[in-house]
Amino acid sequence: MKTKRAMITGITGQDGSYLAELLIDKGYEVHGIVRRSSSLNRSRIDSLFAARGHATGDREAPVLLHYGDLTDASSINRLLREIRPDEIYNLGAQSHVKISFEIPEYTGDTVGLGTLRILEGIRESGLRPRVYQAGSSEMFGQSPELPQKETTPFHPRSPYAAAKVYAHWLAVNYREAYDMFVCNGILFNHESPRRGENFVTRKITLGVAAIKLGRQSKLALGNLEAQRDWGYAGDYVEAMWLMLQQEKPDDYVVATGQAHSVREFCEAAFAHVGLDYRQHVVVDPLYFRPTEVDVLQGDATRARTRLGWQPKTTFAELIKLMVDADLECLKKQPG
């Protein structure tokens with residue numbers, strides 16, 4: 001039986017690292033695309049190599065890393081020819097919503113045009129891989145429909161969300177125009193101990209850990225009333241894989257179906273370590289977006305019925321997992 005070969009953009013990110021673990025466990029040959037920079041920034045995937053006794057440059061390692069960039073079509077085309085993947089998971093992006101207002105052109109280049117470069121590269125190469133395109137609940141933005149599902153109209157409220165909408169419709173267009181197997185995964189917020197430290201959930205759990213250990217006393221946040229549908233990233237990457245195992249490509253919302261406010265997240269995270277968030281959280285207008293998104297809540301009926309997928313980790317379990325991980329991490333660092 002032929003070993004399947006997967007190519008992952010954004011492999012050093014939260015989702016990429018969990019997906020790589022999943023695919024390795026399923027017997028895939030995994031190829032990850034990394035950007036060249038002055039620092040390696042591969043901490044999320046280091047364990048993949050260490051656990052199996054390999055270095056990152058070892059040709060026998062469980063993940064083979066290649067230099068490439070979503071802003072550079074020549075590198076994408078070269079990697080498609082060299083790797084000849086059976087499955088492609090496009091997870092690479094400038095994915096921070098607030099930051100997308102500050103670097104909108106770069107965000108559009110990586111998120112929107114980066115997707116175009118991959119799809120066009122596939123079309124020109126003659127290869128027939130199955131493609132997962134990472135969408136986002138942010139595409140729904142200020143849509144009045146709740147909960148949001150695959151047929152809900154998009155109303156993006158940030159350069160990041162607008163670029164994701166462009167990428168989404170590119171995927172649909174290439175699927176319909178060229179009979180390509182392309183699936184859009186519209187994932188609602190998904191978190192983990194590997195979440196970037198500038199995202200609100202990780203900022204909260206890191207703040208809780210630091211306050212509990214006496215290393216700071218206050219935590220500055222933005223809009224506490226924003227509501228999000230939060231799940232666990234380790235659960236959500238399974239849905240990505242399942243989409244590419246179906247007979248026909250389609251688009252899927254992946255969500256828990258429950259929305260919680262940032263305030264609720266704070267309350268639960270501080271309570272887990274015996275603290276009252278009201279004594280420590282301060283609201284700073286600096287962290288408000290130019291255009292806010294009030295509520296995002298997903299309806300994952302299609303994923304549940306067609307893929308057989310459902311989340312395994314509850315909101316409370318996710319928060320405990322993240323807080324405990326950050327406590328252990330900070331305890332190992334000098335005060």
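The values are calculated or read from the model by the stated rules, or taken from the named source; none is laboratory data. Source: prediction; values computed, not measured. Backbone-built Cβ (ideal geometry, glycine too); neighbour counts: all protein chains shown. For the accessible areas, the whole protein counts, side chains as well, though only heavy atoms, and no ligand, DNA or RNA atoms are used. Shrake-Rupley method; radii C 1.70, N 1.55, O 1.52, S 1.80 Å.
A few notes on this one:
- Qualifying residue in region 277-292 (condition: of a type in the set (A, V, I, L, M, F, W, C) and open to solvent by less than 10 Å² (accessible area, probe 1.4 Å)): no
- Check on A271, in a helix (DSSP H, G or I) and not acidic (D, E): yes
- Filter result (hydrophobic (A, V, I, L, M, F, W, C) and in contact (Cβ under 8 Å) with a residue 60 or more places away in the chain) within region 310-334: F315, L318, I319, L321, M322, V323, A325, L327, C329, L330
- Of the residues making up region 118-153, those that are without any contact (Cβ under 8 Å) to a residue 60 or more places away in the chain, surrounded by 20 or more Cβ atoms within 10 Å (Cβ to Cβ) and not β-branched (V, I, T) are G121, Q133, S136, M139.
- For region 104-114, the count of residues that are outside any loop (DSSP other than H, G, I, E, B), in contact (Cβ under 8 Å) with a residue 60 or more places away in the chain, open to solvent by less than 10 Å² (accessible area, probe 1.4 Å) and of a type in the set (S, T, Y) is zero.
- Residues of region 83-103 that turn out to be outside any helix (DSSP H, G or I) and either basic (K, R) or under 20 Å from N189 (Cβ atoms) (or both), as a count: 10
- Some residue of region 182-197 being over 19 Å from N90 (Cα atoms) and either open to solvent by less than 10 Å² (accessible area, probe 1.4 Å) or of a type outside the set (D, E) (or both): yes
- Remark: pairs (first residue in region 260-286, touching a residue at least 40 places away in the same chain (Cβ under 8 Å); second residue of a type in the set (S, T, Y) and open to solvent by 50 Å² or more (accessible area, probe 1.4 Å); Cβ separation under 7 Å; 6+ apart in sequence or on different chains) = H280/S217.
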